[in-house]
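K.L.:
Got a structure for you, questions after.
Nothing in this text is a laboratory measurement; each read-out follows from the coordinates by a stated rule. None of these values were measured; they are calculated from a predicted model. No Cβ is skipped: glycine too gets one built from the backbone with ideal geometry, and neighbour counts run over all protein chains shown.
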Amino acid sequence: MTGNKFIILGSSSGLPQAGRACSGYVLKTGENLSLIDCGGGVTSSFLRRGLNPLDVEQVFITHTHPDHVIDLPLFIQLLYLKGRTGPFDMYIPEEFVQPFWTFLTSVYLIEEKLGFKLNLVGYQDEFTFTGEFQLRAIGNKHLQSNGELIEQLGLPNKMQCHSVEIEVDGKKILYSSDIAAYEDVRPHLDGKDLVVLESTHVDLEEFIEHAQTVKVGRFIITHLGTDEEIAAIQAMAAKAGLDNLTTAVDGMEVEL
Ligand SMILES: [Zn+2]
Ligand SMILES: [Zn+2]
């Protein structure tokens, strides 16, 4: 038993749900925590699990949709009010660095006032973090449907969205974040101990058919909508005999 855990803080889709926070996950390695995505309600959910914000070593944001990033300023405020002193690294898509600094200043989270060094590290596809664990960002096509509008309006958006592959003490995890279609993650599933897959942009029939052919320890389906939609996913999995699949619940913890 390593004590390592993957904890689900928020399992709602981008259509906020009353009983769930939006996307947010914690990787616990020993006593250290890493926060992955920080959508609406994630800060409260984090505290509800009895986790200590001062144990968070770093944050990774997969893309800048509100349901993955909107609680980030609040999380920074939490660190500030709890008196964090050590430097804090936030790995965010490159396109977000400048707008986010501007936003933080506009909500009076002024860098010079925080009492700790906030490092906003912009990253791109294939970025690899190496520390107590390895995390690799795999670019996907989730945001590319905005391409035409962005071009038309001459916007600076780069449409950066990433799934992440994590390796910790020999265990392999894939968190799809949001994708454009199942094919974005299909080549990356085999051999994983844990796959946390979003359900909003996935052809579930295609996924369930493929899931029976790959070696995956456990599937957790997340980014969930209504109770009826969740029941439909569970029924499909049961019919296919996929007994290594569960749907996410906020607060769920997976031992790694
Ligand atoms: Zn989302
Ligand atoms: Zn998204």
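K.L.:
Rounded to the nearest 5, what % of the DSSP beta bridges within the stretch 5-255 are antiparallel ones?
P.N.:
Looking only at bridges with both residues in the stretch 5-255, the antiparallel portion is about 50 percent.
K.L.:
Full extension from M252 to Q234: what is 0.36 nm times the residue separation minus their Cα-Cα distance, to one decimal in nm?
P.N.:
4.8 nm
K.L.:
Given H placed on each backbone N at 1.01 Å, which residues far from D190 in sequence or on other chains put an amide H within less than 5 Å of it?
P.N.:
When sequence neighbours closer than 5 places are left aside, there are no close amide H contacts.
K.L.:
In what sequence, highest mean first, do 107-113, 87-93, 9-15, 50-56 appear when ranked by Cβ atoms within 10 angstrom? Numbers along the way, then the final one.
P.N.:
Values: 107-113: 10.7, 87-93: 19.6, 9-15: 23.6, 50-56: 13.6.
Descending packing order for the listed peptides: 9-15, 87-93, 50-56, 107-113.
K.L.:
Same structure, new question: Quick check: Cα centre of the stretch 70-86 to Cα centre of the stretch 123-174, how many Å?
P.N.:
Here the two parts' Cα centres lie 24 Å apart.
K.L.:
Based on DSSP H assignment, which helices of the chain show an axial Cα extent of at least 15 Å together with a mean Kyte-Doolittle hydropathy greater than or equal to -1.0?
P.N.:
Once both thresholds are applied, what remains is 227-239.
K.L.:
Let me ask something else about it. Quick one: which of K5/K158; K158/K215; K215/K239; K192/K239; K5/K239 span more than 27 angstrom between C-alpha atoms?
P.N.:
Working: K5/K158 33 Å; K158/K215 34 Å; K215/K239 19 Å; K192/K239 23 Å; K5/K239 29 Å.
Over 27 Å apart, Cα to Cα: K5/K158; K158/K215; K5/K239.
K.L.:
Okay, helix-only estimate at 222 nm for the chain: each DSSP H run of n ≥ 4 adds -39500 (n - 2.57), divide by all residues, round to 500 deg cm²/dmol; what do you get?
P.N.:
Computed ellipticity for the chain at 222 nm equals -6500 deg cm²/dmol.
K.L.:
Right, another one. If the label point is 7 Å along Cα→Cβ of D243, which residues in the stretch 208-223 have backbone nitrogen under 20 Å from it?
P.N.:
208-221
K.L.:
On to the next question. Could the peptides 168-178, 96-106 be put in order, highest first, of the mean number of other beta-carbon atoms found within 10 Å of their residues?
P.N.:
Values: 168-178: 21.3, 96-106: 14.5.
Order by mean packing, descending: 168-178, 96-106.
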